[in-house]
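So the structure is just underneath, and the comments pick up after that.
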Amino acid sequence: MSDEESGWHLTESDPGVFTELLKTLGVPLIVDDLYSLDPSTLASLQPLHALIFLFKWVAPAESSEASVDYDDAFEGFFANQVVNNACATLAVLNGVCNIPGVGMGSELRGLVDFTTGMDPQTRGLAITSSEFLREAHNSLSPPSALSLADLDLGPRDKEDAYHFIVYTPVNGVLYELDGLKRSPVRHGVFPSTGEGWVALARDVIQKRIETYPPGSLHFNLQAIRTDPLPGLRRELEALQAGGHVNLAQQILRQISAEEDKRQRWAFENSLRRHNPLGLIHALLLGLAKAGGLEAATTGAKEKMKERIAKAREEAAKGKK
Amino acid sequence: MATQTLLSFKAGRSFRREGSSFVDASPVKGSLELLRGDDELLHLLWKNRATGQVEDDLIIFPMEAQFLKVPHTAGRTYVLKFSSSNQRHFFWMQDLSDSRDAEYATHVNGYLADPEYDPSTAAGPASSSQQAGPSAPPAPSTAPAGVTEDQLAELRALVSQVSQEQTLSQPGQSYSSARICFYTKRMSEDLSLSDVLTPSNLRPLFSNPRLLTAVFPHLPPDLPVPPSAESIQRIIESPQFQAGVRSLDQALATGLLSGLVKSLGLPEEAGLGVGPFLTAISRQAERDHHDESGQDSMQTD
């Protein structure tokens, strides 16, 4: 099914978008950017439930396929990717639905129950056909604002195809859940002490990164984790009650930082849902009334000429 | 810095019939014009002679395109072919006599190859839109200036399946609705709203509380911060808003937003491009100012 026919919008793959999606689905977890896999960073984000590895998709080399340990008898939740635009939501579901005892809203619960026992392909189709899920996914892109699809602008610059893979522990084994593979992939058992599964995940991810030529891989790591705010607030109360002023201050700073981040996400999400056409027009009209539109347009014309001159230069160079 | 008309002759447009390689002539009377615009660039325009409206305006860089006769066809069809893309624009000569067809083509190619082209050095008299005389120049060679035999052969291969269903004395009824290729300019060639809507350009608006308040109702309803110049500036700098502006730039470049702009209280012409959009908004501001100062006699800032 093509992206256009599927009704699934292209969305940004941003922790703020994913966290909002989880909220809509009634899952009390958040997603955060991971800037490092070192032990102290990972420790500070615990409890950690899954890692999302997002990268520019490249077809795997033939030889690497031979040594892959597929678990075709996997009993947890695993869905194949059927629609490209849904890939981020699908990855999040593959990650979240294998977390033991995870809370979820009744609609998601119903969908998961409905797909019990299905093979990955069928489950993927069921997920993609779920209207409530599609609406939750689409809610963070503007309603077909400018009806660009109707204008048939011709082939869009093909955006790079990014792919999502989830690493998560299930029953003492580290699994890799890749919607484009036929089954989850086993990466071995991990110790129940120390860093546990995240240490193994770190190794696996780092090995994967090393298979690409240096500097060629554009990737992003995100973590599905328990929301730290309720715990931090409880801790703050306890510390304040106990008169531990300095410690309380530290916790307060953490809470502040976390709340600032949430507000930034909320700001960006409100823009994502919003059709900007009215605002663009209002700004231009206001600028015209303030007497500044002419100067701005003249400046824009200058920039346009610069772009054209540059393009000419480059075209001339190319022809040599 | 006025625009300078370099060449003009009667020509109609032909359109590829969707799903085929047939090209059908549109009966509309028009003219093909070459101008040096006040941006110093070469513009190739098609103007509708009945309405006087310029319906196509292409900016063409030197050596980027050629104007070639379509061989193996009954009529006087020419194609504007771009070297760097698949764009093809088809035209047919509308002068009753075909005696000047080759001359026009020569001059078009002359200008396309070099905007400083001097038509008096080419075969035939200098072309200008004023010249209405019937003087018949000596016929130029078959290959228009600057076009090699190889390129002609390439063109023949390209259009070998193109045929005209009707002779040009009875232009056909049908023509493809695929007019989109005429309107889509490369992004870099057009004015961009992204360059207009910058924080520094918007300063006159930000420092005018009355006018700024009028923008507030258009902010996202669930914005988690109160509306203010700061929050608006933050919005303008956000990737989400900038992506929206780029989308609008792209959509306006197609020239097809006449329907959409009406919802903003703008006339249809505002949907023809970024320039017309801005012009219409300027006029809208003047009209509103007129209405406002008519209503209250208090001094406005």
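Residue under question is A:Gly179, and the condition is that it be in the same structural domain as A:Val102 (by the TED database), in contact with a Gly (Cβ under 9 Å, 6 or more places away or on another chain) and in a loop (DSSP other than H, G, I, E, B); does it hold?
Yes: the conditions hold for A:Gly179.
Restricting attention to segment A:253-273, does a residue exist that is within 14 Å of chain B (Cβ to nearest Cβ) and outside any helix (DSSP H, G or I)?
yes
Mind telling me which of the residues B:Val274, B:Val261, B:Val215, B:Val196 ends up being under 28 Å from the mean Cα position of the chain (by Cα), closer than 13 Å to A:Ile280 by Cβ, at the interface with another protein chain (Cβ under 8 Å from one of its Cβ atoms) and touching a residue at least 12 places away in the same chain (Cβ under 8 Å)?
Criteria check complete, one pass: B:Val196.
For every residue, the table says whether it meets (1) among the polar types (S, T, N, Q); (2) surrounded by 13 or more Cβ atoms within 10 Å (Cβ to Cβ); (3) on the phi > 0 side of the Ramachandran plot; (4) modelled with pLDDT of 90 or more.
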residue: A:Tyr162; (1), (2), (3), (4): no, yes, no, no
residue: A:Thr168; (1), (2), (3), (4): yes, yes, no, yes
residue: A:Val173; (1), (2), (3), (4): no, yes, no, yes
residue: A:Ser183; (1), (2), (3), (4): yes, yes, no, yes
residue: A:Arg186; (1), (2), (3), (4): no, yes, no, yes
residue: A:Trp197; (1), (2), (3), (4): no, yes, no, yes
residue: A:Arg208; (1), (2), (3), (4): no, yes, no, no
residue: A:Thr211; (1), (2), (3), (4): yes, no, no, no
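Quick check on my filter: what residues within segment A:274-320 are among the charged types (D, E, K, R), more than 7 Å from chain B (Cβ to nearest Cβ) and part of a helix (DSSP H, G or I)?
A:Glu294, A:Glu302, A:Glu306, A:Lys310, A:Glu313, A:Glu314, A:Lys317, A:Lys319
Which one of the conditions (1) surrounded by 17 or more Cβ atoms within 10 Å (Cβ to Cβ); (2) not in a helix (DSSP H, G or I) does B:Gly265 fail to meet, given that it meets all the rest?
(1)
Among the residues of segment B:96-138, how many are at pLDDT 85 or above and either part of a loop (DSSP other than H, G, I, E, B) or touching a His at 6+ places or on another chain (Cβ under 8 Å) (or both)?
Residues in segment B:96-138 being at pLDDT 85 or above and either part of a loop (DSSP other than H, G, I, E, B) or touching a His at 6+ places or on another chain (Cβ under 8 Å) (or both): 1 in total.
Would you mind telling me which numbered condition in (1) at pLDDT 95 or above; (2) out of contact with any Leu (no Cβ under 8 Å at 6 or more places or on another chain) A:Ser129 fails?
If we test A:Ser129 against (1) at pLDDT 95 or above; (2) out of contact with any Leu (no Cβ under 8 Å at 6 or more places or on another chain), just (1) comes out false.
Which numbered condition in (1) free of Cβ contacts under 8 Å to residues at least 60 places away in the same chain; (2) buried (at least 16 other Cβ atoms within 10 Å of the Cβ) is the only one that A:Glu268 fails?
(1) is the only condition that A:Glu268 fails.
Report whether or not B:Pro209 is more than 9 Å from chain A (Cβ to nearest Cβ) and without any contact (Cβ under 8 Å) to a residue 40 or more places away in the chain.
yes
Within segment B:94-109, which residues are farther than 17 Å from B:Ala65 by Cα and of a type in the set (Val, Ile, Thr)?
Residues satisfying the conditions do not exist here.
Using the structure shown, decide if B:Asp24 is modelled with pLDDT of 85 or more, in a strand (DSSP E or B) and of a type in the set (Asp, Glu).
Spelling it out, it is not the case that B:Asp24 is modelled with pLDDT of 85 or more, in a strand (DSSP E or B) and of a type in the set (Asp, Glu).
Kindly evaluate B:Pro220 against the criterion of being crowded, with 18+ Cβ neighbours inside 10 Å and either in the same structural domain as B:Asp38 (by the TED database) or in a helix (DSSP H, G or I) (or both).
no
For segment A:227-249, does any single residue satisfy the condition of being within 14 Å of chain B (Cβ to nearest Cβ) and within 18 Å of the chain's Cα centre (by Cα)?
No, the conditions are met nowhere in segment A:227-249.
Restricted to segment B:218-251, and to residues that are more than 17 Å from A:Trp265 (Cα to Cα) and either touching a residue at least 60 places away in the same chain (Cβ under 8 Å) or aromatic (Phe, Trp, Tyr) (or both), which residue is nearest to the other protein chains (Cβ to nearest Cβ)?
This residue is B:Gln250.
Has segment A:178-187 got any residue that is closer than 18 Å to A:Leu45 by Cβ and among the polar types (S, T, N, Q)?
Among the residues of segment A:178-187, not one is closer than 18 Å to A:Leu45 by Cβ and among the polar types (S, T, N, Q), which makes the answer no.
A:Val27 versus (1) over 20 Å from A:Glu176 (Cβ atoms); (2) at pLDDT 95 or above; (3) outside any loop (DSSP other than H, G, I, E, B): which is the lone unmet condition?
Among (1) over 20 Å from A:Glu176 (Cβ atoms); (2) at pLDDT 95 or above; (3) outside any loop (DSSP other than H, G, I, E, B), A:Val27 violates only (3).
Checking B:Met93 against (1) at pLDDT below 85; (2) over 14 Å from B:Arg16 (Cβ atoms); (3) in contact with a helix residue (DSSP H, G or I) (Cβ under 8 Å, 6 or more places away or on another chain), which test does it fail?
Only one criterion in (1) at pLDDT below 85; (2) over 14 Å from B:Arg16 (Cβ atoms); (3) in contact with a helix residue (DSSP H, G or I) (Cβ under 8 Å, 6 or more places away or on another chain) is unmet by B:Met93, namely (1).
Return the residue satisfying two criteria in turn: it lies in segment A:271-320 and is surrounded by fewer than 18 Cβ atoms within 10 Å (Cβ to Cβ) and of a type in the set (S, T, N, Q), and of such residues it is modelled with the lowest pLDDT.
A:Asn275
Tell me which residues, restricted to segment B:37-72, are away from every other protein chain (no Cβ under 14 Å) and assigned to a loop (DSSP other than H, G, I, E, B).
Passing the criteria: B:Arg49, B:Ala50, B:Thr51, B:Gly52, B:Gln53, B:Val70, B:Pro71, B:His72.
Which residues, counting only those in segment A:262-292, are small (Gly, Ala, Ser) and farther than 16 Å from B:Ser238 by Cα?
Residues satisfying the conditions are A:Gly278, A:Ala282, A:Gly286, A:Ala288, A:Ala290, A:Gly291, A:Gly292.
Residue check, A:Ala223 against (1) more than 14 Å from chain B (Cβ to nearest Cβ); (2) outside any helix (DSSP H, G or I); (3) surrounded by fewer than 15 Cβ atoms within 10 Å (Cβ to Cβ), all met but one. Which one?
With (1) more than 14 Å from chain B (Cβ to nearest Cβ); (2) outside any helix (DSSP H, G or I); (3) surrounded by fewer than 15 Cβ atoms within 10 Å (Cβ to Cβ) applied to A:Ala223, the lone miss is (3).
The values are calculated or read from the model by the stated rules, or taken from the named source; none is laboratory data. Model, not experiment: these values are computed from the prediction. As a convention, Cβ positions derive from the backbone with ideal geometry for all residues, glycine included, and neighbour counts pool all protein chains shown.
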